[in-house]
Every structure is written in structure tokens, then in C-alpha cells.
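The values are calculated or read from the model by the stated rules, or taken from the named source; none is laboratory data. Treat the numbers as computed from the prediction; the structure is a model and nothing was measured. Neighbour counts are summed over all protein chains in view; Cβ atoms, including those assigned to glycine, are modelled from backbone coordinates with ideal geometry. Only protein heavy atoms, including side chains, enter the accessible area calculation; ligands, DNA and RNA are left aside. Shrake-Rupley method; radii C 1.70, N 1.55, O 1.52, S 1.80 Å.
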Amino acid sequence: MADHDGYRILEGWGRTPRSRALVRPVATADAVVDALRSPGPRPRLPRGLGRSYGDAALAAGGLVLDTTRLDGPIELEHATGVVRVDAGTSLARLGREVLRHGWFLPVTPGTKHVTVAGAIAADVHGKNHHRDGSIGQWLRRLWLATTAGVIELTPDDAALWATVGGMGLTGVIVRAEIQLIPVETRFVVDREVATRSLEETLEVLQEDATVRYAVAWIDATATGRHLGRGLVSFADHAPRDLLPATLARDPLELPNERVVPTPPDIVPTGVLSRATIRAFNTLWYERGRRRPASALVDLRTYFYPLDRVAGWNRLYGPRGFIQYQVVVPEAATHVLRSVLTSLAEGGHPSFLSVLKRFGAPSRGIMSFPRPWWTLALDLPARRPGLEALLARLDHEVLDNGGRIYLAKDGRLRPRVFRAMYPEHEEFQRERARLGALGLLASDLSRRLELD
Amino acid sequence: MLNANGLPQRALVIGGGSDLARAIVRELAVSGPLERVALLGPRRSSLERVAAELAAHLDACATFELDLRAATSSIADALAPALEWLGGLDSVLMAAGTLPDQEVADHDPRVVEEAFQVNGTGPAVALTVLADHLERAGAGQLIVLSSVAATVVRRRSYLYDASKAALDRFALGLADRLEPAIGVHIVRPIFVATRMTEGRPRPAVSLSAEQVARATVAGLQARRRIIWVPPLARPAIAAISVLPRRLVRRLPL
């Protein structure tokens, strides 16, 4: 929806909220610095592939720098697996290109359609957080554009740790150097365990010490004694000698991906209703229970199942959806129970629900991951009663030492945010030092009263 | 900012002393993130009373005098301090209105003029200033309290109906101009029992201010441009509008 003058309506992946901003593509680091220095609407904000769910990549009335053209050649050191890559490069392209040489992304979120810069700005985690941490941990160097020019940062710099998880509010990431992990094939060996209750799901998930990837899909529509039942997946990269002869010929080349085309933008509100969400979850659970316990799965199928349907976010209809992701300490499993029960009983079923154990806290000042349990739920948005219910759950999460993931958020309130992230004061000091205060802001940062 | 559930943190309310304004602000504050509200209206005493009632649900509530019967420039001037105090604007609630006595108005052109000023021209002038403000900001919502009366003209209240129709049409035009960056929500309730309608003959079916407030908040969350309260009012009005006029003028509406 582009106006004649370069103004566009922007949305997050959840399609709510929305706002209008001037969007300018930037293809070089110098162009980013120029754009930051130029006169024109404020605030300024970088935006990649727009996969944050809420308002993190929106800047109403401001100038949004589209960084997806910052995607020049990828420089890979074949011996060490250190890669230098432009910030607008998608993880889809980076993953595919380095895989040919026997390397893979050290951390990947549930979609490959994010930029390197977006992944760093959200300090994304993956199914291996319990042993490998978040993406920031694998960062060797970072190039950040500010009004003073492009500065090079290392993990010894506080500014790097303000930028990791800093939601694009410290400067514009233009390039990064990342340590990759070695793999022998494009497959993982996935072992799945069906569980019958939340206790069992949590217990099984704790057996993650010896595997790289561990995550549970939860049937969030199940209530009563079935509450929290699900399918726990444990996976490792498949070694070459495990492949059958038919697959062993080109084990590092990803085949072309077949993608179901984007659904039209006319999906009515009721398609993902209480009934269809419940039916889908029950079917998925029953199907999972009958699947063979262990299987060889393609990396793309394993990490990015939803990428198979382009624009799946449209299935929620014009009201969009909210992803509610919390982390709570080990002892606070009652909060998980309360979240699942309140939403199911309140008539707000989650379409897709994921539970995982986090490892050590991530180092970014504003990074989300820290021990222990993280639960993510997809909820149809803008339904009567939902906001009040989530606001109550926010307090329950906070009171039990937990917090909300900003990359998913579009509705947390300033006071609750400040209590969940006491580090925001240090973050603001780093932003001031980088000259970002008063220049860079998003709808998220203004909603949370950081700007 | 408006949050992912379509609910505001900061609101400017014109006609802030009214029962409907109080009920809607209360609903937005209790079930949503609303925390800073500027109440504008002609009578300091009504504004203060509503502000006191809302205080427990809000972080900050301030009152500002605004008379919609005033000259265009003074309406614009009166909005400025409220906008400045708010610091940011997510939502505008246009709740000003007067219900003139039609029998008096039949013979007194001054009553006719005042009804159009308070229900029509004044709100249109204020909305023009505020729509510009929101358009520059790139996000926000306008909630305009219209009425089913804006869609049907009745012999015993045609002044009210016509003046509300002016506002309703104007808001529809604003919606065409501002959407989808800015949400425009036109609320068309049937008879609501408030101080404005006190002493008037109450029809068989009427609403409380709280019912209208709940429907309004649900409607703006659903991104609805026209919010009929109750929803059945819509087909009822559609039916009336195809009846011959000589029949409608005799109906006890």
C-alpha cells in the first residue's frame, strides 16, 4: 500500500497494530549514515523483513530505513566457519550458502525470513538455547551505523551488548561477523515423545542435556487433566554415515523449496475460530502420537515448518494475532499452568503453542532469554476480554520473576515493562552515548515510554 | 500508541462532561491500557465531576474548557493546550452533543443554530484539526458518537437528526481520507438513557451508557467503521428507509 510520496502502511507479522511511515530503501552503509543525518521526518528506524510480531519495526510518522538491500556477497572462512555478512541478508540465503561448505547457523528462530540484523536486534533464540544460547553469543564483530559514522564493535564493547536485543534502537546494524557451527548433512535426526500432561511435558523436556535441539509443541486447547499435553522433539544434526544411500549423494545441497502461495487478503475473521483451532490441535496431537518415534528430517522442514505457507499470518483475518511469549523461572511452572488455563477458559485458544527450556541468560542488556521455561502462544487479536486477561497475566508473570519477549510484543504496558526489564536504564544510557536518543525510536519504544 | 488489541494509551475527549464519554473512557481504562486523558467541554463543573470519577482508573486526567459554539479559530486554539499536555495522541473521542426541544426549535432559529454548532459544525471544525494531527502522526483512531438518528429523519426531532446527520456524513468522509493508517469509528446507538435524554419520553427499548461503551470498545477492536448499537438497529433502519415518506412521518419513532 504505497502512497505517491513514499509513505506506506506498515504492520508487524501479527498484522496489528499498524501505522504509516516514510519508507526508504538503503543499499550501502554510507547510505544508512546519510539517511540518519538527513533532515526529514523523525523518528528514524531500521526495518528488515518485518517478522517481529507487534510494533517493533514500526515508526508512525517517521522515516523507516528498509535494510533488505544491504545484502552483498557473503564472506566465509572455510576452515574456521567464521562468516562476515551484510546486515540485510536473510537467514534463508545465509543458511543455504554456508551449508554447501559444511556450516550452519549457530542459532535460528522459527522462520528463515529474518535478516541478520533483525536476528541480532531481537537476540533471537532457537531450539538449542539450553546449550548454545542466543545469536548474540556467536557474534564476533558488529558494524553499527550512527550519525557519527559506522563504528566497529566487539564483544568487549558495551555498545555491542546494548545493540544485541536492542530492538534497532541503538543504531543501524550494517554488517556482522558470526561464528557458524559445522554440520555434515542437511538433515537432523528427530526423536519425538508424546506426553499426556503438563507435568510430563516439563519432565520430558528436562532430558535435553545430551541433544542440541529440544522443544515441545503443546496442545493449548486441551484442558483438565490433559492440560499441557504435547509432543516433545529432540534433535541433532545427522552425521553423514547415518544417511541412506539415496540421500547421501548431495547431503549439503538444499533442494528447491515448494511454498504454498500466500492466501488472499480476504480471509474472514472467523476462519481461525475456537472450533477450528481446537480441531487442528487435536488432530495434530493425534497425528504426532502415531508418527514413528524417530525420523530423518530436512533442516528446513525441521526448523521452519510454517515457512511452507507464505503469508500464513493472513489466516488470522483482518484483526490479526498476538504472539504472547513469556519466560518464567524454574519453580514458576504454576504460571505456565495459569496462562494455559486462563486463555483456554477465557475462550482465547492458542493456534500454535511452544514450550522450551532456556539455558544461561543471554548477554544483551535487553535480551529476553534467561532461565528457565519459555512458553509462546498465538492468539487471535482484538477479541473482547483478551486485553484485560493478558494484562492480568502480565502481572502474574512479573510477580513470579518472569517477563515478555519484546520481539513478539505489541501490547505490554510501560510500568510493567520497566519492572520486567530493570536493565532499561542502562540501555538508555548506552543509547544516549551512541546518539540514538531523540533520533531512533519505534512504535514499541514509544508505547513503552522509552522514547 | 494504539496497542496490538487496538486500544489507546492517551485520549482526547470532546464533550468530556457527558455520561457516554465517562462510560467509554472508563471502559477503555478498565479493560485497556488507557492512562492519560484530556477532557474538554464547555462546563468546568461537569468536566471536574467526570475527572474525579475517572481518577481511580487513570494515571492522569486533566480538564480543558472548549465551547463548540465559539469561532473556528478559538476552537483550534482551545485544542492546543490539551494536545500539548497529552504529549502524544492515540485516540480522539468526539462525544459532544445537544438534544434540542423540537417544539421550541420549530419557532426559534437561535435554537436551530446552536444545535448545528454543537452537533455539527463545532465537531467538524475540531475533527479537522485533530484529523490533521493524527494524519501527521501516522497512527491513531477517531471515535465519533453519532446516532441512529443520523440515518433517519423524524418529525418530532428533525433538528437533532439533521445536525447529527451532518456529523455522521462528515465522519464518513474523514474515514475515506484517513483509513487505514487511522481508524475511524462511527458509533450509532439507539436511545441511550443519559443526562442529555433525561425527561424525554423513553422508547420501549433503550440502552445504558455502559452498554454503548462496551459495544464501542468491541467495535473499534474489530476495526469496524460503523458501530450499530445494538447490531439489530442496522436492519431496522434499512427497513424504515425504504418505507414511503408519508408513512414514516406518521410512525411513532
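Quick look at the values:
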| quantity | calculated |
| --- | --- |
| Number of the exception - A:L58 against (1) open to solvent by 10 Å² or more (accessible area, probe 1.4 Å); (2) in the same structural domain as A:L36 (by TED's automatic domain parsing) | (1) |
| Test: residue in region A:174-186 that is closer than 24 Å to A:E257 by Cβ and either of a type in the set (S, T, N, Q) or free of Cβ contacts under 8 Å to residues at least 60 places away in the same chain (or both) | yes |
| Subset of region B:46-68 (residues that are more than 14 Å from every other protein chain (Cβ to nearest Cβ), in contact (Cβ under 8 Å) with a residue 24 or more places away in the chain and out of contact with any strand residue (DSSP E or B) (no Cβ under 7 Å at 6 or more places or on another chain)) | B:S46, B:R49, B:E53, B:E65, B:D67, B:L68 |
| Subset of region B:189-222 that is crowded, with 21+ Cβ neighbours inside 10 Å and polar (S, T, N, Q) - its residue that is farthest from A:R383 (Cα to Cα) | B:T216 |
| From the options B:D132, B:D108, residue that is out of contact with any Ser or Thr (no Cβ under 9 Å at 6 or more places or on another chain), under 22 Å from B:A38 (Cα atoms) and surrounded by fewer than 19 Cβ atoms within 10 Å (Cβ to Cβ) | B:D132 |
| Region A:296-317, subset outside any helix (DSSP H, G or I) and modelled with pLDDT of 90 or more, residue farthest from A:E97 (Cα to Cα) | A:L296 |
| Filter pass, B:T128 being part of a loop (DSSP other than H, G, I, E, B), of a type in the set (V, I, T) and modelled with pLDDT of 95 or more | no |
| Top-ranked residue of region A:31-55 - restricted to ones that are within 14 Å of chain B (Cβ to nearest Cβ) and over 25 Å from A:P106 (Cα atoms), ranked as surrounded by the fewest Cβ atoms within 10 Å (Cβ to Cβ) | A:G40 |
| So B:G6, is it within 19 Å of the chain's Cα centre (by Cα), of a type outside the set (D, E) and away from every other protein chain (no Cβ under 14 Å) | no |
| Some residue of region A:383-404 being assigned by TED's automatic domain parsing to the domain that holds A:R337, more than 19 Å from A:I173 (Cβ to Cβ) and within 17 Å of the chain's Cα centre (by Cα) | yes |
